[in-house]
Structure formats: C-alpha cells, structure tokens
Amino acid sequence: MKQIPFHKAYITDEEVNLVVDTIKSGWLTMGPKTIEFEERFRDYIFKDENKKGYAVSCNSCTSALHLALKAIGLKSGDEVIVPTNTFIATAEVVTYFGAKPVLCDIKEDTHNIDVSKIEDLITEKTKVIIPVHFGGQPCDMDEILDIAKKYNIFVIEDAAHALPSKYKGKMIGTIGDITCFSFYATKTLATGEGGMATTFNEEYAKMMKVNRLHGISRDAWDRYTLKGSWYYEVIDNGFKYNTTDINSALGLAQLKKAEWMRKKREEIAQKYTSAFIRTKVTPPIIKSDRETSWHLYVIKVNNRDELFEKLRENGIGTSVHFIPVHKHPYYKKTYGYKNGDYPVANYVYEKSLSLPIYPSLNDDEVDYIIDRVLKYAK
Ligand SMILES: Cc1ncc(COP(=O)(O)O)c(C=O)c1O
C-alpha cells in the first residue's frame, strides 16, 4: 500500500544550501536575506505594474493581516466583513482590535465570498472587507472593489492561498488596499512560518514596517552591525512580528520555483478533474477569467467523512477546508452565531474534502488517489 501524505513541501538542495550559508554567516534574525527576499517578492508581485509597489515581510499571514488592519486604522467597535469559510486567523485578527467580524456566506461553485450578500451586511460601522481567495482562486474583485468604493470601506485581501494567482490578468497582491500572503509550512511558498503584505500605499508600508518591530522608528534590525547605531525611538505601539534570515533564505529559494511549482500543481489538478468529471465526485470549478495557484484541490462528495476514513485506511492523507467560523464555540458564544447560519457554507463544509496536491506527487500516486477516490466516493 502507498503512503501519501496530505502535504509535503518541495525542498531541494538549493533551499538547504541557502539556509546553511545563512546559518554559517552568523546572522540569524531579520537582516540582509530578509531585505533581499522582500525586494524579490515585491519585484515578482508588481512585475507587470507601472506604479511602485511595496512588500513588507513578517512572521505569518496572521501578523500581516494584523499589521494591515492597524495600518488602515481599524478601531474598537468597527465591523469587518469576513467570509465564514476561512481559517480562523482571518476573523481572529479583527477581534484583536475589539472590532467585530461580520460573517458572510459563500458561493457553492467557488467557495468564495458571495458578493451578492455583502451589501446587506454593511452598516455605518463597517470599515473593511477581507475577501479570502479560497484555495487560490481569486474572489470577484471587481464587484468587491465597487462595493468598497460605494461605501468608502477598505479591502484587505487574505491571499494566504493565492501565490501565484491572477484575476483578469492581474497578479493577486496588486488589487486591494493591502494583500496578505502566508508562507506557512503547507502553503505554495513554504518557509515554515512567514508572511508578507503588499500594497501600493507608501504610508501603509512604512507603518507596517515600523509596527512589525516594536514600533521602532527606523530599520532597527541592523543596530548590531557596524553600519548601524544603538539609538532608536519608539513611535507606535508595535509588535514583535519580524521574520528571520533563516526563513527568508528558504523563501528566496522557493520564490524562484513559484511558477514551476504552480504548473506542477495545475497538471495534477487537470488529471484529477478529467478523471472526476461526470462521476459522483464534484471537482472544483475555476472561473475562466482567473488563474488559481492550486493551493488546494477540493472535491465535494456525499460521504465525506466515510471517504476521509477509507482514504486514510488506504494510506492517503486528506483534509477539510474549512470548519466555518460561525460553528466555532468562541464565535457562537461571543457574537451569537449559530450552527445553522450560512446555509451554503454549511452545505459546502459537509461535502468538502481536500486531496493531496504538491509538486513532488508523481503520476503513480495521482493515479492511485484517483482510483481510491472513485472506488469509495458516494
Ligand atoms: C485563509 C487563511 N488565512 C490566513 C491564514 C494564516 O496564515 P499563517 O499561518 O501564515 O498565519 C491561513 C493559514 O492556514 C489561511 O488558510
């Protein structure tokens, strides 16, 4: 029997050598490698833009979202619209401010926020919409930007899954006010833990840079080098959210492969979809005007829990994305959400199963997964 984990990061000698060189350099925390990673990431995201963009690295997508919400001035009592089908981080960061995550239902086809339901949720307290590009497929950004403009609210994109993804030819990272990426171990660019915020707004970029390192007024990371100075001033109540040069070394090596790794995942997705079409298994639907990173490949079946168990017995790791936010005890207790709220998200949650999709998955393994899914799906 094969043993196929749900995820395996694609790590080559390039990553290993760069990390070893970094460790041997004696500089372990944020420093030259982090600055280089930020610059390369910025160049990659904004390569087709004719305006200057900014990239700010930090230690997770959660911290990037926190920094972004602080940069746009979120305050206690404000409301933020978040899809209920997301990882808890998207809603949790809103609570850091004493603001309220206002949940929105999703579309059955894409599992992304249902834009037709957003306007009903807007009140005079609404400050931000956080669209989540589920599995890597971009949300309906034109409609979201139109609503944001009409009501004068900010758009902060949760692009934890969306590197690299495109909406109508534009890279995700170049659309909303600020976009936040994740480099968590299972993500399409993996540094173990890590995150990045991108924006065209210089002020936001400056604020996020200051606040990722205790609110210190200038690039304090080099205060222990010969060119640095011991003096600094704290100008804001910041956080300890910087990444390290060890993580950034991984990021530099991974970034070079980002397009190639997407292509490999796309090939796997195409194989899965051609096998599942017109069977009991509903494959994911990608809209024709967008490109997904293929971070996730989520099927829908009638016997999700049974299929999960059968695949596990057959050595295949799978997962579920996501338990909707409104079903978690803390959110029910604090905001009065109920299990039965958000019928589409509930339906999707009951049926969804995420299959392995990563560059090192070989043809035999993909065939084996297809065979077992078709054998046990109902
Ligand atoms: C949609 C979404 N947003 C945010 C996050 C948080 O990312 P990180 O672990 O880098 O903080 C995740 C992580 O799984 C996620 O899936």
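The values are calculated or read from the model by the stated rules, or taken from the named source; none is laboratory data. What you are looking at is a predicted structure, and each value in this text was computed from that prediction instead of being measured. Methodologically, a virtual Cβ is constructed for each residue, glycine included, from the backbone with ideal geometry; neighbour enumeration extends over all protein chains shown. Just so you know, the surface numbers come from the protein's heavy atoms only, side chains and all, with ligands and any DNA or RNA stripped out. Shrake-Rupley method; radii C 1.70, N 1.55, O 1.52, S 1.80 Å.
Structure values in brief
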item: Residue in segment 276-284 that is part of a helix (DSSP H, G or I) and open to solvent by less than 60 Å² (accessible area, probe 1.4 Å) present; result: yes
item: For residue 229: the one exception among (1) under 30 Å from residue 112 (Cβ atoms); (2) without any contact (Cβ under 8 Å) to a residue 40 or more places away in the chain; (3) out of contact with any Phe, Trp or Tyr (no Cβ under 8 Å at 6 or more places or on another chain); (4) open to solvent by less than 80 Å² (accessible area, probe 1.4 Å); result: (1)
item: Residue among 37, 6, 87 that alone is among the hydrophobic types (A, V, I, L, M, F, W, C), within 22 Å of residue 172 (Cα to Cα) and assigned to a loop (DSSP other than H, G, I, E, B); result: 87
item: Residues that are open to solvent by 20 Å² or more (accessible area, probe 1.4 Å), within 26 Å of residue 21 (Cα to Cα) and away from the ligand (no atom under 15 Å from the Cβ), drawn from segment 32-62; result: 32, 33, 35, 36, 39, 40, 42, 43, 44
item: Filtered residues of segment 222-245 (kept if within 11 Å of residue 30 (Cβ to Cβ) and of a type in the set (Val, Ile, Thr)); result: 243, 244
item: Residue match in segment 248-258 (condition: outside any helix (DSSP H, G or I) and away from the ligand (no atom under 14 Å from the Cβ)); result: yes
item: Total residues in segment 333-371, condition out of contact with any strand residue (DSSP E or B) (no Cβ under 7 Å at 6 or more places or on another chain), assigned to a helix (DSSP H, G or I) and surrounded by fewer than 17 Cβ atoms within 10 Å (Cβ to Cβ); result: 9
item: Candidate set from segment 316-332 (those that are touching a helix residue (DSSP H, G or I) at 6+ places or on another chain (Cβ under 8 Å) and part of a helix (DSSP H, G or I)); member that is farthest from the ligand (Cβ to nearest atom); result: 332
item: When residues of segment 149-164 are limited to those that are open to solvent by less than 10 Å² (accessible area, probe 1.4 Å) and more than 13 Å from the ligand (Cβ to nearest atom), the one farthest from residue 114 (Cα to Cα); result: 164
item: Sole exception among (1) open to solvent by less than 10 Å² (accessible area, probe 1.4 Å); (2) of a type outside the set (D, E, K, R); (3) modelled with pLDDT under 95 for residue 84, by number; result: (3)
item: Checking residue 186 against (1) touching a residue at least 60 places away in the same chain (Cβ under 8 Å); (2) within 12 Å of the ligand (Cβ to nearest atom); (3) outside any helix (DSSP H, G or I); (4) open to solvent by less than 10 Å² (accessible area, probe 1.4 Å), the condition it does not meet; result: (4)
item: Residues of segment 189-207 that turn out to be within 12 Å of the ligand (Cβ to nearest atom) and open to solvent by less than 50 Å² (accessible area, probe 1.4 Å), as a count; result: 8
item: Residue in segment 98-119 that is surrounded by fewer than 19 Cβ atoms within 10 Å (Cβ to Cβ), among the hydroxyl-bearing types (Ser, Thr, Tyr) and either touching a residue at least 60 places away in the same chain (Cβ under 8 Å) or in contact with a Lys or Arg (Cβ under 9 Å, 6 or more places away or on another chain) (or both) present; result: yes
item: Residue within segment 298-319 that is in contact with a Ser or Thr (Cβ under 7 Å, 6 or more places away or on another chain), touching a residue at least 60 places away in the same chain (Cβ under 8 Å), under 14 Å from residue 354 (Cβ atoms) and not β-branched (Val, Ile, Thr) present; result: yes
item: Residue match in segment 80-101 (condition: more than 10 Å from the ligand (Cβ to nearest atom) and acidic (Asp, Glu)); result: no
item: Members of segment 340-375 that are touching a Leu at 6+ places or on another chain (Cβ under 8 Å) and closer than 15 Å to residue 272 by Cβ; result: 353, 354, 357, 369, 372, 373
item: Selected residue (criterion: farthest from the chain's Cα centre (by Cα)) from residues of segment 212-246 that are within 16 Å of the ligand (Cβ to nearest atom) and polar (S, T, N, Q); result: 244
item: Condition met for residue 5 (more than 30 Å from residue 298 (Cα to Cα) and surrounded by fewer than 20 Cβ atoms within 10 Å (Cβ to Cβ)); result: no
